[in-house]
Amino acid sequence: ADTLRRTLHPGAAQSLRQSSDQTMIAKIALLTVVAIGAARVSQAGELSLVTVGSKVFTESVILGEIVAQLLESEGLKVRHRSQLGGTQLLWSALLSGEIDLYPEYTGTLMTEILRSKVGPGADLRELQRVLLRYGVDMSEPLGFNNTYALGITTSRARQLGIAAISDLRGHPELKFGFSNEFMDRLDGWRGLRRHYSLPQADVVGLDHDLAYRGLMSGAIDVTDLYTTDPEIQYYRLTVLQDDGGHFSDYRAVLLYRADAPARVPSMPRAIKRLEGAIAQEAMIAMNARAKLDRMPETQIAAEFLQKWLGLHRKPPIETRAMRLWKHTVEHISLVAVSLAAAICVAIPLGVISAHRPLVGQVILGIAGVLQTIPSLALLVFMIPVLGIGAPPAIVALFLYSLLPIIRNTYTGLRDIPRALIESADALGLTRAQQLRLIELPLASPAILAGVKISAVINVGTATLGALIGAGGYGQPILTGIRLDDMNLILQGAVPAAVMALLVQGLFELAERRLIPKGLRQG
């Protein structure tokens, strides 16, 4: 007992009594944060009457915005969940009912989504018939064909005498850089290499919008193009002739849930108005206005609807300050809810780990394995269970937050000198009293350090939530990468860095309130 009294600061006895009150206050605060966060998640996850999705490239976002505004003109309540990711994510979201419709391409349907159900030469009627088996219907083509192609700078093409894809066989030294989705598609690099017997081995995957930078800098020689990309003309690229007929047509269509028209009778009428209404030149021009002129997709869609369909739409004006506030609220919600839940779970697990070594090794091992799963993969794993938006992002962040808190709690408790525990036994304290009055206060510096680490990690990792529609600072970063706009990237990256510093500072201040005075450093 004397050892315990000598070890703690003379004012620690009062601190220990306050510790119980502070623990209770902390619990109430955490439960309040969780309740508020849960309410926000429920509100954010509530689907509008019609939910439109779009992929993470500019043309898809523009088409999604055109559809959304057209549906709104029919008096419908519409939500556009833009930049949700790739083909499989959107398809899964459509099947699960997370979204009601999204723009797709016939070539993607044949080679990716329905490749085991239809042949390579399937017509539109066959595609529609197979889609109905999944509870999905398809519009007629919207009017343009955005197929794949290979591109090379004109100067390089002239230097090497390359005009067609088959000419690439004679130049194995060329460096290829393809979009990540193209690398894995059956009609992408794998099928292209087999079809043309291409010998190139220096092939890398990268973001489609960054590939143009690679071409112009000479980092790569050849990349995949979408034939409606405005960069083809802007950078004066040579589109290699598909002389072997590898790439099929990629007619733009709308996929929608077959049960949606019964629920929203005016939706088929709106979709019908878009069929055949978007010419190839019009789509290229809209892409150029977004990617080269930096015009918002909402404004581009409104101008298209006014010019070609006679609809006068006035898109809402969102200032930079409004966007910053919106993204800040979303980001704080993701971090606060996931961190609060992790604290409530991880500290008890850390206590169990410290008092039961064998069980503790299992707990630490599982938490360690979770920490090694790539962030994007973990987000995708959550989608089949939780859908898209904030819920899967919060669960993924929660799982990432566990290890630092569990390990620091475990370490803090295990590092308490054995003599102090024996002194507590001599005072007649029960195990629960020892934990509440002695062990947790002594371990509080280590525990708080673990919480601080998790909080800072969460602030950064939460930016990836934008890929599945969770919002936050990742949204401007994702848009900036897509549009090659450094200003937009900084609008997300700088606030995220500032928030991480603020979190660090807040925890430094919290140490003065949560750590007993005799245990503070400095």
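Please determine, by comparing only the residues of region 113-126 that are within 30 Å of the chain's Cα centre (by Cα) and under 13 Å from VAL253 (Cβ atoms), which one is most open to solvent (accessible area, probe 1.4 Å).
ILE113
Being under 25 Å from GLN88 (Cβ atoms) and either within 28 Å of the chain's Cα centre (by Cα) or modelled with pLDDT of 95 or more (or both), is that true of even one residue in region 152-166? Walk me through how you get there before you give the answer.
Start the filter on region 152-166 by keeping residues that are under 25 Å from GLN88 (Cβ atoms), which leaves none.
Taking every residue of region 152-166 in turn, none turns out to be under 25 Å from GLN88 (Cβ atoms) and either within 28 Å of the chain's Cα centre (by Cα) or modelled with pLDDT of 95 or more (or both).
All but one of (1) modelled with pLDDT of 50 or more; (2) farther than 27 Å from ILE278 by Cα; (3) surrounded by 14 or more Cβ atoms within 10 Å (Cβ to Cβ) hold for ARG40, so report the exception by its number.
With (1) modelled with pLDDT of 50 or more; (2) farther than 27 Å from ILE278 by Cα; (3) surrounded by 14 or more Cβ atoms within 10 Å (Cβ to Cβ) applied to ARG40, the lone miss is (1).
Output yes when any residue across region 88-106 is at pLDDT 95 or above, farther than 22 Å from GLY53 by Cβ, among the hydroxyl-bearing types (Ser, Thr, Tyr) and crowded, with 16+ Cβ neighbours inside 10 Å, and no when none is.
No, region 88-106 contains no residue that is at pLDDT 95 or above, farther than 22 Å from GLY53 by Cβ, among the hydroxyl-bearing types (Ser, Thr, Tyr) and crowded, with 16+ Cβ neighbours inside 10 Å.
Would you pick out the residues in region 298-341 that are part of a helix (DSSP H, G or I), more than 22 Å from the chain's Cα centre (by Cα) and farther than 30 Å from VAL395 by Cα?
Answer for region 298-341, where residues must be part of a helix (DSSP H, G or I), more than 22 Å from the chain's Cα centre (by Cα) and farther than 30 Å from VAL395 by Cα: GLN299, ILE300, ALA301, ALA302, GLU303, PHE304, LEU305, GLN306, LYS307, TRP308, LEU309.
Identify all residues within region 376-411 that are farther than 22 Å from SER54 by Cβ and either open to solvent by 40 Å² or more (accessible area, probe 1.4 Å) or not aliphatic (A, V, I, L, M) (or both); write none if there are none.
PHE381, VAL385, VAL395, PHE398, TYR400, SER401, PRO404, ARG407, ASN408, THR409, TYR410, THR411
Output yes when any residue across region 496-519 is farther than 21 Å from TYR400 by Cα, free of Cβ contacts under 8 Å to residues at least 60 places away in the same chain and under 19 Å from the mean Cα position of the chain (by Cα), and no when none is.
No.
If you go through region 182-200 one residue at a time, do you hit one that is outside any helix (DSSP H, G or I), within 30 Å of LEU95 (Cα to Cα), of a type in the set (Phe, Trp, Tyr) and open to solvent by less than 40 Å² (accessible area, probe 1.4 Å)?
no
If you scan region 65-86, which residues turn out to be in a helix (DSSP H, G or I), surrounded by fewer than 20 Cβ atoms within 10 Å (Cβ to Cβ) and not acidic (Asp, Glu)?
Across region 65-86, the qualifying residue is only SER73.
The values are calculated or read from the model by the stated rules, or taken from the named source; none is laboratory data. Remember, it's a predicted structure, so these values are computed and weren't measured experimentally. Positions of Cβ are generated from backbone atoms using ideal geometry, with glycine treated the same way; all protein chains shown enter the neighbour counts. To get the accessible areas, we keep the full protein, side chains included, count just its heavy atoms, and leave off ligands, DNA and RNA. Shrake-Rupley method; radii C 1.70, N 1.55, O 1.52, S 1.80 Å.
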